[in-house]
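Here, each number is a calculation from the coordinates, and none is a lab measurement. Here the structure is a predicted model, which is why all the values come from computation and not from measurement. Neighbour counts are summed over all protein chains in view; Cβ atoms, including those assigned to glycine, are modelled from backbone coordinates with ideal geometry.
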Amino acid sequence: MLDFPRWKQVWLWAVTLVLAAAALPSIFSVAGLPWPSALPSPKVNLGLDLAGGSHLLLEADPEQVKRQRLDSMEEEVRNRLKAADPQIQIGDISTADGTVSFILADPTRVDAAREQLQTLTRGAGMSGQRDWDLQVVDGNRIVMTPTQAGIDQAVTQAMQTATEVVRKRIDSLGTREPTIIRQGNDRIVVQVPGLKDPTALKNLLGQTAKLEFKLVDTNALPSDLQQGIVPPGDELVPYQDTARFGTVPIAVKRLGGIKGDQLSNAQPGNDDRNNQPIVSITFDQQGGAKFAKLTTENVKKPFAIILDGKVLSAPVIEEPIIGGTARISGSFTAESANQLAIALRSGALPVDLKVVEERSVGPDLGADSIHKGMVAMGVGTLAVVLLIFFTYGRFGAYADLALVFNVMMILGVMAILGTTLTLPGIAGFVLTIGAAVDANVLINERIREERKRGRRVVQAVEFGYKEASRAIFDANITNIIAAALMFIFGSGPVKGFAVVLVIGIVTSVFTAVTLTRMWVAGWLRRARPQDLHI
Amino acid sequence: MRLLKLVPDDTNIHFLKWRVPFFVVSIFLILASWGAVLTMGLNLGVDFIGGQMIRVTFTQSAEAPVAQLRGEVEKLGYGEPTIQRFGQPNQVSIRMKLPHGSESDAGKSEAMAKTITAAIQKAHPDARVDGVDSVSGKVSGELFRTGMLALGLAMIAISIYIWLRFEWQFGVGALFSLFHDVSLTLGMFAITQMEFDLNIVAAILTLIGYSLNDTIVVYDRVRENLKKFRRMPLPELLDLSVNETLARTVMTSLTMLITLTALLLLGPKVIFGFTAAITLGIFVGTYSSIYMAAPILVWLKVTSNSFVPTETALEKQERLAREGR
């Protein structure tokens, strides 16, 4: 037990010093000293509750993804069968019951239709399943049912895209080091340190930015619209600015419009005529071609510019717009025009995101907490160091040295792993100091006991370490179990606390047991004491 | 230099003699704690019931004007606020239920936070808003469930570990003393009405781990002594084990007390409840490892047989051969 060959000593010292040195940049930065930039500088991240900032939990509604899939499948089915040669006539198409179902005008063409539709489905998941299930009912009705694997895949893809879009939008705000993580099936966690007011962020993320251009149904009866009766093939969309356009919705054709998702740029600007804020958009090549086609075929007709289900404005197409640029006007302020431009540039969110949890912390409270935590840690450590030294003498001094290395190593490991120190984490830190010496107390008390029983010096030390190790091991495993559950089930700050605990447990066993044993063994070899003053 | 010795050598306190009265007291305390939890209820924070919490510090005042604030916030028509001091006397948390319909429109809770902070800052120019937490009912329900699940799982997982490392009686003893510690801590939160939030669940998980340290140290010594003194009556053997480890128990409790006191008095006030929970738990845990975990072994009739490996046929042969020689 007390045998430490040279290579082992070198190795243990190397681990200790490297990990302890990794703490220095963090300590320098808290103390306000400059750290030489030539050296690597891993640093402990400060959690939002210490650095100040905002935490948002965004949630998507998977139902919305399902709805959108049904709508786009309906459109694809219509287009595909219309484009088939010869054309396949269908009728009574409906998406009401969560499936796309329609009747073939000519039942003999079931196989041809099936063949066409099969190309619209894709594989989903590992099991070789398709994302849509195709069935023929009563010989002439085709029912397309979304499979669970397909839905899961669509939700996953939507969330991936949403996460990307959220990232782009936050980056456009110019904030530093945001953390954007998908959580579970339908959630995204956004953490932005140092952000004082999360309003702008939330406004930006709350905007889906789904831009659509749809033709206005000029034949719809105003009386129908007033009563909310939907003309066939239409949908009713309310105006965004009800103060200006009134509360009566506008009827637009459900199909045949285009989406404003194929943009290459969007910039805020001002209208030359009335100096109102506008957003000018530039389509990419494909989008520009579609937009040119729509405007060419519908000159002198009104079309509605719809953002997130609300009509911004419904101008008449004066002439074909073939340049690929368009200007959107719609009761903007300079700020909202800017936000819409950012949102359009970063792309539309594939689903709406709702803020279900929000935490924001001002930076002053955190700074105060760090300061007080440091003071408590300093005072606590000093008191423990003195108590241990006066109780165990030389062995206490070894334990104290181990404690100091332990504190450094916890910080060092946290800096290297890039973990985040949170407010409860500071408490975990201080607690670790109180608990870390427990191992030395156990060992030293055992050595005392063995000496009392009359064992010789070396044997007593050897026994002390050996017999105490068992209890130390069991006790630390139970702590790790508790910390692991905290990590799995906890959120944000609690997770940070669990990480500190686990790192502290591992390093404290290393310093309090292994390092002190090496030092004690070295001393025993050099001094060959006849008696132990413990 | 004369070294400190907190526990004199050859201390022999008959702890186990008092096991029945102490056990009755412990059972009473557990029941009283649960009684307090059920009748007074825990003061659940927004983490667990949903709602909005705004934390304000009055930088120029010695004390926060709680009564005045209550009137000011109530006037805004969002309902009755729960206003509490936390940390320093000039810091308050203002808790509100989320406005109707905020589940579907996040803007509503946003607007509420804005209106309230604006009103406060207008009336008190020295008010500094330190944080706003809004948690929807759906999320708070999940946080509560996972929090409780983590607590329950931790207790069970640790007990199973003890069972595997020792014997089933030790597992039961550990589970029971953990239940005792957690109950008393919950009782403290019910009686003091300190805010019970996610951090407190973390605190309880921590004290589950640490309060078990004492139990394990005692159990480890019991196991060792069971092997050593096979004929010693169990109560006597437990007393011996507790006394032998007493110096360590006192020392470790002292170091924990020192650091936790430093944290309570000098540390960040925001986590006062968190530190208080761990402090109480550590001491309840030390007590319970002596008066709950150890006596249970007597009642569950632990014997030394469990730890002395039974002789295999080969070993018996060897022993006989040795003895024959």
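If you filter region A:296-392 for trypsin sites (Lys or Arg not before Pro), then keep DSSP loop positions with at most 12 other Cβ within 10 Å, what is left? Mind dumping the intermediate values first?
Values: sites: A:Lys300, A:Lys310, A:Arg327, A:Arg345, A:Lys354, A:Arg359, A:Lys372; in loops: A:Lys300.
The qualifying sites are A:Lys300.
Could you calculate the contour length gain from B:Trp299 to B:Asp10, that is, 0.36 nm times the residue separation minus the distance between their Cα atoms, to one decimal place in nm?
Values: separation 289, 0.36 × 289 = 104.04 nm, distance 2.68 nm.
Gain on extension, B:Trp299 to B:Asp10, equals 101.4 nm.
Taking the highest mean first, how do the peptides B:268-281, B:232-245, A:252-265 order by number of other beta carbon atoms within 10 angstrom per residue?
Most protected by this proxy first, the peptides run B:268-281, B:232-245, A:252-265.
Note the full-extension length gain between A:Gln135 and A:Ala112 as 0.36 nm times their separation in residues minus their Cα-Cα distance, in nm to one decimal.
On the way: separation 23, 0.36 × 23 = 8.28 nm, distance 1.37 nm.
Gain in length upon complete extension: 6.9 nm.
Could you work out the mean count of beta carbons from other protein chains within 10 Å of each residue's beta carbon in B:134-143?
Working: counts 8, 5, 7, 1, 4, 6, 2, 0, 4, 5.
Mean partner-chain Cβ count within 10 Å for B:134-143: 4.
Per residue of A:494-502, how many C-beta atoms from partner chains lie within 10 Å of its own C-beta, taken as a mean? Don't skip to the answer; put the middle values down first.
On the way: counts 11, 1, 1, 7, 3, 0, 0, 5, 0.
Mean partner shielding for this stretch: 3.
For region A:116-213, state which trypsin sites (Lys or Arg not before Pro) are in a DSSP loop and have at most 16 other beta carbons lying within 10 Å of their beta carbon. Intermediate results must be reported in sequence, preceding the final value.
Details: sites: A:Arg122, A:Arg130, A:Arg141, A:Arg167, A:Lys168, A:Arg169, A:Arg176, A:Arg182, A:Arg187, A:Lys196, A:Lys202, A:Lys210; in loops: A:Arg122, A:Arg176, A:Lys196, A:Lys210.
Answer in residue order: A:Arg122, A:Arg176, A:Lys196.
Beyond 28 Å between alpha-carbons counts as too far, so tell me which of A:Lys372/A:Lys495; A:Lys259/B:Lys114; A:Lys310/A:Lys354; A:Lys210/B:Lys75; B:Lys108/B:Lys138; B:Lys97/B:Lys269 fall in that bin. Kindly include the intermediate steps, with their values, before the conclusion.
Values: A:Lys372/A:Lys495 21 Å; A:Lys259/B:Lys114 35 Å; A:Lys310/A:Lys354 18 Å; A:Lys210/B:Lys75 39 Å; B:Lys108/B:Lys138 16 Å; B:Lys97/B:Lys269 25 Å.
Over 28 Å Cα-Cα: A:Lys259/B:Lys114; A:Lys210/B:Lys75.
If you take each beta carbon of peptide A:443-451 and count the beta carbons of other chains within 10 angstrom, what is the mean? Mind dumping the intermediate values first?
Working: counts 1, 3, 11, 5, 0, 5, 5, 0, 0.
Per residue, the number of nearby Cβ atoms from other chains is 3 on average.
Relative contact order of region A:207-359: what whole-number percent is it, with Cα pairs under 8 angstrom and at least 6 residues apart? Could the numbers behind the result be given before it?
On the way: 309 pairs, mean separation 45.9, N = 153.
It comes to 30 percent, rounded to a whole number.
Determine the gain in length on full extension of the stretch B:Thr115-B:Trp168; use 0.36 nm per residue of separation and subtract their C-alpha separation, reporting nm with one decimal. Intermediate values should be presented prior to the final figure.
Numbers: separation 53, 0.36 × 53 = 19.08 nm, distance 5.87 nm.
Between B:Thr115 and B:Trp168, full extension yields an extra 13.2 nm.
For region B:51-135, what is the Kirkwood estimate of the hydrodynamic radius, computed as the reciprocal of the mean inverse distance between distinct Cα atoms, to one decimal in Å?
Details: mean 1/r = 0.0783 Å⁻¹.
Here the Kirkwood hydrodynamic radius works out to 12.8 Å.
Just to be sure I understand the curve: with the Debye formula and one point per C-alpha of region A:376-511, what is log10 I(q)/I(0) at q = 0.22 Å⁻¹?
Here the Debye-derived log intensity ratios amount to -1.29.
Starting from a Cα-only point model with no solvent, please compute log10 I(q)/I(0) by Debye for region A:194-279 at q = 0.12, 0.15, 0.21, 0.25 1/Å.
-0.58, -0.84, -1.15, -1.21
Would you mind checking which residues have amide H under 5 Å from B:Leu98's amide H? H placed 1.01 Å from N; only 5 or more apart, or other chain.
B:Gly51, B:Gln52
Could you tell me, in Å, what Rg and Dmax come out for the Cα atoms of chain A?
So, for chain A, Rg and Dmax equal 34.2, 109 Å respectively.
Using 10 Å bins from zero, what percent of all Cα-Cα pairs in region B:147-281 falls into each bin?
11, 36, 32, 16, 4, 0
List the residues whose amide H sits under 5 Å from the amide H of A:Thr99, counting only those 5 or more places along or on another chain, with H placed 1.01 Å from N in the peptide plane.
HN-HN under 5 Å from A:Thr99: empty list.
What residues qualify as long-range amide H neighbours of A:Ala124, i.e. H under 5 Å apart, gap of 5 or more or another chain, H built at 1.01 Å from N?
Residues meeting the amide H criterion: A:Gln129, A:Arg130, A:Asp131.
I'd like the projected area of region A:69-152, averaged over all directions, using the convex hull of its alpha carbons. Report it in nm² with one decimal.
On the way: hull surface 20.9 nm².
Orientation-averaged projected area of the Cα hull: 5.2 nm².
For region A:461-487 and region B:48-98, write down the distance between their C-alpha centroids in whole Å.
44 Å
For Cα pairs less than 8 Å apart in space and 6+ apart in sequence, what is the mean separation divided by the residue count of region B:83-165, i.e. the relative contact order in percent? Walk me through the intermediate numbers first.
On the way: 29 pairs, mean separation 13.2, N = 83.
The value is 16 percent.
Let me check I have the definition right: for region B:110-150, take the eigenvalues of the Cα gyration tensor, multiply each by 5, take square roots. What are those semi-axes in whole Å, largest first?
Details: eigenvalues 199, 26, 5 Å².
Its equivalent ellipsoid spans semi-axes of 32, 11, 5 Å.
Translational diffusion coefficient, Stokes-Einstein: compute it for region A:248-398 using the Kirkwood radius over C-alpha pairs as Rh, at 10 °C and 1.306 mPa s, and state it as an integer in µm² s⁻¹. Each step should come with its number before you reach the end.
Details: Rh = 20.4 Å.
The Stokes-Einstein estimate is 78 µm²/s.
Go through region B:288-303 residue by residue and turn each phi into a ³J(HN,Hα) via Karplus (6.51, -1.76, 1.60, θ = phi - 60°); whole Hz please, and just put x for glycine and proline.
So the J values, rounded to whole Hz, are 5, 6, 8, 9, 10, 5, 6, x, 4, 4, 5, 5, 8, 6, 6, 10.
Give me a comma-separated list of calculated 3J(HN,Hα) values for region A:426-434, in order, Karplus coefficients 6.51, -1.76, 1.60 applied at θ = phi - 60°, integers in Hz, x for any Gly or Pro.
For region A:426-434, the Karplus-derived couplings read 4, 4, x, 4, 4, 4, 4, 4, x Hz, x marking Gly and Pro.
Once label points are set 7 Å from the Cα along Cα→Cβ at both B:Met148 and A:Lys293, what is their separation, rounded to one decimal in nm?
5.8 nm
Suppose a student asked you for the relative contact order of region A:148-226, using Cα pairs under 8 Å spaced at least 6 residues apart; what percent would you report?
On the way: 45 pairs, mean separation 17.8, N = 79.
Across region A:148-226, relative contact order equals 23 percent.
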